[in-house]
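What follows is one structure encoded as structure tokens, with my remarks underneath.
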Amino acid sequence: MTQTLHACERCATPIEKGDLRCAVCALGIPTDKALPVGDVFAKILRCGGCGAATAYDADARAVRCAFCTTELSLEEIRDPQEEVKQWMGFTVDRDAAVKALKNWLGRQGFFRPADMGSKAKVDDLQPLYFPAWMFDAEAEVSWAADSNLGSRRSDWAPHAGSTNITFDDVLVSASRGLNPKETSALLGTYAGGGLDSQPTSAAEVGVESIHNETFDAQRSFARAYLLHGIKQRAREYVEHNCVPGSRVRKVGVSMRIEGLHTRRVALPVWVLAWRYNDQVYRAVISGRDPSGVHGRLPLSWARIGLVVGGLVLIFFVIALIASLG
Amino acid sequence: MPRHRFAAVCPFCASGSVIDRAVDRETIGSGRAIEPNYVLGFAIPREQAEASVREWLAKGRLLAPSEIRHAKISSMEGVYLPAYLYSAVARSEYSARIGENYTTTETYVTTDSKGRMVTRTRTVVKTEWRNLSGKHVTQAADALVTACRGLTNAELAAIEPFDLSAIRRYSSALVTGWSAEEATRTQAEGIDLAQEEVQQAVGRELDGYLPGDSRQVSSLTTTFEDQVAELMLVPVWVLALRWGPEKKLLRVLVNGQTGEIQGDLPRSFGRLALLVLGILAVLVFFGLIVSGMFL
């Protein structure tokens, strides 16, 4: 777990080691630095290395002794690289992943090639852990949006309201390897999954090794990205639960967040390269749920042509009947 | 050392000194009322700041008085200026008119190519205006306002933003060897300035927050909770130039982190008049050519 010192006095978000201010509301972390009372004195800072007077150096961006160039350390924001602290275990092994792919290929509808399920060959199958943030928070949300409810001459009417949202174990992907559509399809499959302090071993899923994608962000960037993700989740919540009417657009949300607890986790996924008619396609399968499959699929141009031809023929027949009548 | 400064360089040995005066919360400006919470260190050395100012002066030199054009800019001073870093919860209530567009077909009469009166139809976009009242809440963070009477908030805003990811807890070691000003505006004054900034920011944010195809905010009231204004020293290179017979002051400020420059470069009326006359002469000359007088 990430080391936390105490919670922010204003918004109850845990303060992590190295923070000078709260990541959510920017409240400073209190210090008990008392100022001297009464006496006036001058203080000349001396280098610990050679005893000479020191000054801040704009080039070095640190306090540096002019005589021996020793740099003195000062308390500043620590902006470490984000690191995975907990792992969600694989419950889908290699064989189950291949079976899941075959099942998925077999139920892809009329416009896909009929022999896709039987002719598809798996080229490569890799288990992977991708990084994500899992967060809990309370949010007070104000919103404004257009919906069809109450519309008059225009299709839209404006609405506004407020609500409170509790976010519990919500995941925001930090992967750069998976695209947003893939992560969007996968994240729902990890709901309720327990977290361990160790990753699943390769032997447990029937492979030689499991790849680990690391966080590619420093803490400050991660927090800004996470807050953006929370706002996006709030917008989705408001759109589906708060705005009246059956059609909604232009949802604006503003929010105050409290008690933002963040965990850095790694989530299990199978990444497959499969081949059909000499074309390579990629699919991802959740490491927790074999029904969570997403990927690009080939189209059957013969079937599409058949449907279009049929429609043209029907149109032609109707036009012919109309001209005769 | 002047009363409003608490850090300077010793003129005899070039050592940096920091004075820790007694706390005097009653008479802010005569003593150091609040010790700074944070410091942003200089990231741009003097040579780079001077080069930036030289370039800035060169851009405006055509119309600048000759005293400024020939001024030496070797007297730049790196100063840590005090500013309040403000954060709060801002709750707003608004009333607005929301414009929802719709299309309609209208008939009009016009003249065709043969000069006959004809009736035609066209699709036009019209706007239906609806009233909307609601709330907006935000955690306003990182509003930076001046804490120094010698620096207006507009001057500070002109050299913002500062990179707050480089923020450090205040230590006298960071300002040693530099000049550092004391806060001469009270925290209450800082909060007033910051509230104004945040309210303006909320007003701008409403434009993207409110629905509709167009919108007009008729009223906006913002209240602030859990306000905190912490004192921070920001790095600024200052060039003060006295010029002309009246020894007018030109002050140029350079953001010590980014190099952003602020200054009101005076214009020479003589040069401005010459420029206008020159342009007029060119226009008259071309006018005469066009009218055929020289042909």
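The values are calculated or read from the model by the stated rules, or taken from the named source; none is laboratory data. Bear in mind that the values here come from a model prediction, so they are computed numbers and not experimental data. Note that we place each Cβ from the backbone using ideal geometry, even for glycine, and neighbour counts take in every protein chain shown.
Of all the residues that make up segment A:189-216, how many are part of a helix (DSSP H, G or I) and in contact with a strand residue (DSSP E or B) (Cβ under 9 Å, 6 or more places away or on another chain)? Reasoning before the result, please.
The initial filter retains those residues of segment A:189-216 that are part of a helix (DSSP H, G or I), namely A:189-190, A:202-205.
Filter again for in contact with a strand residue (DSSP E or B) (Cβ under 9 Å, 6 or more places away or on another chain), leaving A:189-190, A:202, A:205.
Here the count works out to 4.
Looking across B:Gly287, B:Gly263, one residue alone is of a type in the set (Gly, Ala, Ser) and closer than 29 Å to B:Glu67 by Cβ. It is B:Gly263. Yes or no: segment B:196-218 includes at least one residue that is over 30 Å from A:Ala157 (Cα atoms) and surrounded by 15 or more Cβ atoms within 10 Å (Cβ to Cβ). Checking segment B:196-218: at least one residue is over 30 Å from A:Ala157 (Cα atoms) and surrounded by 15 or more Cβ atoms within 10 Å (Cβ to Cβ). Cβ-Cβ contacts under 7 Å between residues 6 or more apart (or on different chains), taken from a first residue in segment B:182-198 that is closer than 16 Å to B:Glu155 by Cα to a second residue that is at pLDDT 90 or above and part of a helix (DSSP H, G or I), are listed as B:Leu193/B:Asn153. Pairs are defined by a Cβ separation below 6 Å, a sequence spacing of at least 6 or placement on different chains, a first member in segment A:153-167 that is within 8 Å of chain B (Cβ to nearest Cβ), and a second member that is assigned to a strand (DSSP E or B) and small (Gly, Ala, Ser); the pairs so defined are A:His159/A:Ala145; A:His159/A:Ser147; A:Ala160/A:Ala144; A:Ala160/B:Gly134; A:Ser162/A:Ser142. Just one of the listed residues (A:Val172, A:Val141, A:Val98) is assigned to a strand (DSSP E or B) and modelled with pLDDT under 90, and it is A:Val172.
Checked against (1) away from chain B (no Cβ under 13 Å); (2) modelled with pLDDT under 85; (3) in a loop (DSSP other than H, G, I, E, B); (4) touching a helix residue (DSSP H, G or I) at 6+ places or on another chain (Cβ under 8 Å), A:Val92 passes all but a single condition, namely (2).
One residue stands out in segment A:190-214 among those that are among the hydrophobic types (A, V, I, L, M, F, W, C) and in contact with a Phe, Trp or Tyr (Cβ under 9 Å, 6 or more places away or on another chain): the one that is nearest to B:Ala166 (Cα to Cα), namely A:Leu195.
Taking the condition part of a helix (DSSP H, G or I) and buried (at least 19 other Cβ atoms within 10 Å of the Cβ), does A:Val265 pass?
Working: part of a helix (DSSP H, G or I): no; buried (at least 19 other Cβ atoms within 10 Å of the Cβ): yes.
When the stated conditions are applied, A:Val265 does not pass them.
In the condition set (1) within 20 Å of the chain's Cα centre (by Cα); (2) over 29 Å from A:Ala144 (Cα atoms); (3) among the acidic types (Asp, Glu), B:Glu246 is compliant with all but (1). Condition (residue is more than 7 Å from chain A (Cβ to nearest Cβ), buried (at least 19 other Cβ atoms within 10 Å of the Cβ) and at pLDDT below 95) applied to segment B:119-132: is it met by at least one residue? Among the residues of segment B:119-132, not one is more than 7 Å from chain A (Cβ to nearest Cβ), buried (at least 19 other Cβ atoms within 10 Å of the Cβ) and at pLDDT below 95, which makes the answer no.
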